[in-house]
Amino acid sequence: MSVAAMVAEFDDVAGWTADAVEHLGNRYAIPAACRGSASPAALAWLAEACELSTGTTLLDVGAGVGGPAAWAAERFGVRPLLLEPMQTACRAAARLFGFTVIAADGTRIPLRTGSIDTAWCLGVLCTVDDKAALLREIHRVLKPGGSLGLLVVVARGRTRLPGPEGNHFPTQHELATLLDRTGFSLLEQTTRPDDAPLSWSRRAEQVRAAVAARHHSTHAYKLAAHQSDQLTLLFRTRQVSMQLIHAVGVDT
Ligand SMILES: C[S@@+](CC[C@H](N)C(=O)[O-])C[C@H]1O[C@@H](n2cnc3c(N)ncnc32)[C@H](O)[C@@H]1O
């Protein structure tokens with residue numbers, strides 16, 4: 001990933017988030033480390049759809065700082081495996097949750113074919129150029145019939161939106177075609193369930209405020225904040241929506 005704004009957003013801010021959580025306390029870790037805007041309701045929908053249970057191997061592709069995987073481990077007893085290309089984000093997930101993170105690109109996952117029960121990929125697809133390569137690679141490592149939980153920002157109309165740098169939002173039709181072509185059957189889809197409760201969003205906001213207070217004057221902070229503002233604008237003007245998807249791998 002070479003776009004400076006994306007490096008700022010996914011690497012610099014990841015490290016600063018871990019710093020702020022370490023200062024504020026552990027109870028801030030999961031809300032602050034869910035950086036694909038997943039609320040507990042969204043995570044619960046995905047967890048139930050994928051029928052997570054104790055011992056399920058859950059591969060989180062593009063895991064960021066590890067919040068969703070930590071949530072699934074805490075609530076459902078899954079065995080999380082995280083994969084994330086940004087080095088500082090990998091270290092942040094290790095610092096906050098003690099996870100070992102595979103530092104790799106999702107288009108080249110260093111895991112055996114058919115070795116994973118379930119995969120999640122939350123808020124990642126729109127940041128990846130070769131979406132088909134990413135999905136094919138997830139399909140390869142999943143056991144036959146294994147579940148894939150996706151959180152995807154979908155464009156309502158045209159796909160080339162004036163949004164955050166480096167992002168390309170698929171339309172619903174593109175997304176459905178992509179899943180079909182990469183060996184997945186889309187079983188169920190919903191728009192984002194309810195917003196997070198205040199107990200969760202306040203903690204996330206406190207961490208964001210601590211990061212802003214300390215780093216607002218840096219170039220990386222300004223780049224990341226601009227990315228986030230642009231995405232917020234796309235949501236507010238209803239040019240994009242957040243979709244949760246449960247798909248399963250089928251024979252190709
Ligand atoms: C919006 S963040 C979401 C992070 C995390 N999934 C969450 O929900 O908190 C998108 C993440 O995708 C990662 N990413 C971008 N390109 C990727 C790729 N080719 N393979 C795997 N992850 C990628 C970024 O580094 C970033 O951590």
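The values are calculated or read from the model by the stated rules, or taken from the named source; none is laboratory data. Just so we're clear, the structure is a prediction, and the values are computed from it rather than from any experiment. Because the Cβ atoms are built from the backbone with ideal geometry, glycine has one as well, and the counts that use them run over all protein chains shown. Areas reflect the complete protein model, heavy atoms only, side chains present, ligands, DNA and RNA absent. Shrake-Rupley method; radii C 1.70, N 1.55, O 1.52, S 1.80 Å.
Search region 197-217 for residues that are more than 16 Å from Pro31 (Cβ to Cβ) and pair each with any residue that is not β-branched (Val, Ile, Thr) when their beta-carbon atoms are under 6 Å apart and the residues are at least 6 apart or on different chains.
Listed by first residue and then by second, the contacts come to His215/Trp16; His215/Tyr221.
Please give the number of the condition Arg202 fails out of (1) part of a helix (DSSP H, G or I); (2) open to solvent by less than 20 Å² (accessible area, probe 1.4 Å).
(2)
Which condition breaks for Arg181 when tested against (1) surrounded by fewer than 19 Cβ atoms within 10 Å (Cβ to Cβ); (2) touching a strand residue (DSSP E or B) at 6+ places or on another chain (Cβ under 7 Å); (3) modelled with pLDDT of 95 or more?
Status for Arg181: all satisfied but (2).
Looking at Asp194, Asp229, which one is under 24 Å from Ala18 (Cβ atoms) and at pLDDT below 95?
Values: Asp194 fails: under 24 Å from Ala18 (Cβ atoms).
Sole residue among the options that is under 24 Å from Ala18 (Cβ atoms) and at pLDDT below 95: Asp229.
Using beta carbons and a limit of 8 Å, which pairs, at least six apart or on different chains, have the first residue in region 123-141 and within 11 Å of Arg181 (Cβ to Cβ) and the second one open to solvent by 30 Å² or more (accessible area, probe 1.4 Å) and assigned to a helix (DSSP H, G or I)?
Going by the 8 Å Cβ cut-off, the qualifying pairs are Lys131/Leu178; Ala132/Leu178; Ala132/Arg181; Leu135/Leu178.
Does Ala4 satisfy the condition of being more than 12 Å from the ligand (Cβ to nearest atom), in contact with a helix residue (DSSP H, G or I) (Cβ under 9 Å, 6 or more places away or on another chain), open to solvent by 20 Å² or more (accessible area, probe 1.4 Å) and modelled with pLDDT under 95? Let's see the steps before the verdict.
Details: more than 12 Å from the ligand (Cβ to nearest atom): yes; in contact with a helix residue (DSSP H, G or I) (Cβ under 9 Å, 6 or more places away or on another chain): yes; open to solvent by 20 Å² or more (accessible area, probe 1.4 Å): yes; modelled with pLDDT under 95: yes.
Answer is yes for this residue.
Does region 159-173 include one or more residues that are open to solvent by 30 Å² or more (accessible area, probe 1.4 Å) and in a helix (DSSP H, G or I)?
Yes, region 159-173 has at least one match.
Is it the case that some residue within region 30-40 is in contact (Cβ under 8 Å) with a residue 12 or more places away in the chain, of a type in the set (A, V, I, L, M, F, W, C) and open to solvent by less than 10 Å² (accessible area, probe 1.4 Å)? I'd like the intermediate steps shown before the answer.
Here is the first cut: in region 30-40, the residues in contact (Cβ under 8 Å) with a residue 12 or more places away in the chain are 30-40.
Cutting the leftovers down to of a type in the set (A, V, I, L, M, F, W, C) gives us 30, 32-34, 38.
Okay, now just the ones that are also open to solvent by less than 10 Å² (accessible area, probe 1.4 Å), so 33, 38.
Looking through region 30-40, at least one residue is in contact (Cβ under 8 Å) with a residue 12 or more places away in the chain, of a type in the set (A, V, I, L, M, F, W, C) and open to solvent by less than 10 Å² (accessible area, probe 1.4 Å).
All but one of (1) within 13 Å of the ligand (Cβ to nearest atom); (2) open to solvent by less than 30 Å² (accessible area, probe 1.4 Å); (3) closer than 20 Å to Ile245 by Cα hold for Ala47, so report the exception by its number.
Among (1) within 13 Å of the ligand (Cβ to nearest atom); (2) open to solvent by less than 30 Å² (accessible area, probe 1.4 Å); (3) closer than 20 Å to Ile245 by Cα, Ala47 violates only (1).
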